[in-house]
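Working notes, beginning with the structure itself.
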Amino acid sequence: MSGAAQVALLPGDGIGPEVIAAAVQLCEAFCPGDYEFEPQLFGGCSIDVSGVAMTDETLAACRAADAVLLGAVGGPKWDTTDADAPRPEQGLLGLRKALGLYANLRPVKAIEALVDASPLRAERITGTDLLVVRELTGGIYFGEKVRTDRFASDLCQYSVEEVERIARIAFSAARSKVSSIDKANVLETSRLWREVVTRVHKDEFADLELEHVLVDNAAMQLVSMPTQFDVILAENLFGDILSDEAAMITGSIGLLPSASIGNPGGPGLFEPVHGSAPDIAGTGLANPLATILSLAMMMRHGFGREDQASAVESAVASALAAGLRTTDLGGNATTEEATAAVLAELV
Ligand code: IPM
Ligand code: MG
């Protein structure tokens with residue numbers, strides 16, 4: 001890298017600022033001078049100041065940056081069923097869309113030291129190493145929304161191009177198999193999805209295995225036989241739901257990182273899968289590991305620094321193996337202690 005990489009920092013709401021501070025602290029101690037962080041208001045805290053979850057200024061700063069690192073957005077303060085009120089989540093959806101980040105990668109790996117922290121039986125989850133590839137800028141999240149006093153609707157739509165490009169990302173990431181998730185027995189969008197994925201497979205990735213799994217069945221298989229999955233390819237809503245479910249294989253959603261990519265040359269967005277956890281915000285007990293692992297994904301996918309990324313990931317694994325347990329993992333380590341424990345393995 002020539003000069004420091006510019007990273008737009010969106011701490012957001014709830015525990016967001018705490019886990020982001022932990023990741024920045026770790027990064028600055030581990031590779032000083034490589035990354036420069038520029039914080040921006042985003043989410044509920046932005047609504048409080050300017051009435052919108054993402055201002056033009058924040059979006060411009062993200063577009064101009066080399067990568068975006070995000071904490072979490074939302075909280076009870078901004079929860080409302082009023083269709084006209086601003087919502088923190090609009091910032092997140094707007095940012096993903098504006099940056100063209102149609103591919104969301106969510107790796108889920110059973111960590112050996114933690115197999116007993118999962119609510120699932122150790123013998124079921126041991127060896128799980130899967131990647132959820134979630135389509136991020138289409139489907140029901142972005143279709144037309146209608147709301148009257150007595151009626152509401154959300155439109156789900158997908159084009160052939162949208163399915164093709166996310167399918168290519170999934171096949172390219174697979175080692176052996178892609179499990180494509182749909183509800184083709186009911187939904188028209190799913191039938192198109194299935195057809196397009198089948199064609200991309202046949203034409204471009206025939207050496208890999210492809211299976212189609214109905215989403216309800218996939219939800220069941222994820223907890224009964226998670227080790228059989230390699231890459232799970234899913235549309236936006238199904239991927240959202242299945243990735244939270246898959247998180248429990250690691251014992252806690254507090255461990256799951258994600259990368260949103262898709263716009264060559266533009267910045268990627270890196271964020272933990274967990275939300276803003278308002279119930280523990282400010283207690284100093286948030287688990288920073290998902291954000292630290294998202295930082296690692298930023299190093300890898302945003303800057304090609306596989307060396308830095310794998311060093312951070314190994315440090316997290318070593319700290320856990322040495323006994324690090326935050327409260328979500330049944331221990332009592334604070335955010336600060338968890339960060340220090342990872343750092344101790346790194347430098
Ligand atoms: C996620 C979150 C978001 C989503 C919310 C906060 C809008 O659940 O990143 O998984 O549904 O995409
Ligand atoms: Mg989610």
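By the compact-protein rule of thumb, 2.2 N^0.38 Å, the alpha-carbon radius of gyration of the stretch 201-257 corresponds to a ratio of 1.24.
By the Cα gyration tensor, the stretch 187-331 has an equivalent ellipsoid whose semi-axes, rounded to whole angstrom, run 30, 20, 15 from largest to smallest. Rounded to two decimals, the Cα-based Rg/Rh of the stretch 5-157, with Kirkwood Rh, is 1.03. For the stretch 119-250, the direction-averaged projected area of the alpha-carbon convex hull comes to 8.9 nm². In terms of Cα to Cα distance under 27 Å, which lysines are near enough to LYS97, apart from those fewer than 8 places away along the same chain? Within reach: LYS77, LYS145, LYS183. Model label sites at GLU195 and GLU38, defined 7 Å from Cα along the beta-carbon direction, differ in position by 4.6 nm.
Quick check on the stretch 227-284: what are the equivalent-ellipsoid semi-axes from the Cα gyration tensor, as sqrt(5λ), descending, whole Å? Walk me through the numbers before you get to the answer.
Numbers: eigenvalues 101, 70, 21 Å².
After scaling each eigenvalue by five and taking roots: 22, 19, 10 Å.
Across all C-alpha atoms in the chain, the radius of gyration and Dmax reach 19.6, 60 Å. When DSSP beta bridges are restricted to pairs lying wholly in the chain, around 40% turn out antiparallel. Once both labels are positioned 7 Å from their Cα atoms along Cα-to-Cβ, the gap between ASP129 and THR81 label points is 4.7 nm.
When DSSP beta bridges are restricted to pairs lying wholly in the stretch 119-250, around 25% turn out antiparallel. Averaged over residues, the count of other Cβ atoms within 10 Å places the peptides 278-291, 6-19, 116-129, 317-330 in the sequence 6-19, 278-291, 317-330, 116-129, highest first.
Read the figures in this text as sums done on the coordinates, not as results from a lab. Keep in mind it's a predicted model, so treat the numbers as computed, not measured. Positions of Cβ are backbone-derived with ideal geometry, glycine not excepted, and every protein chain shown enters the neighbour counts.
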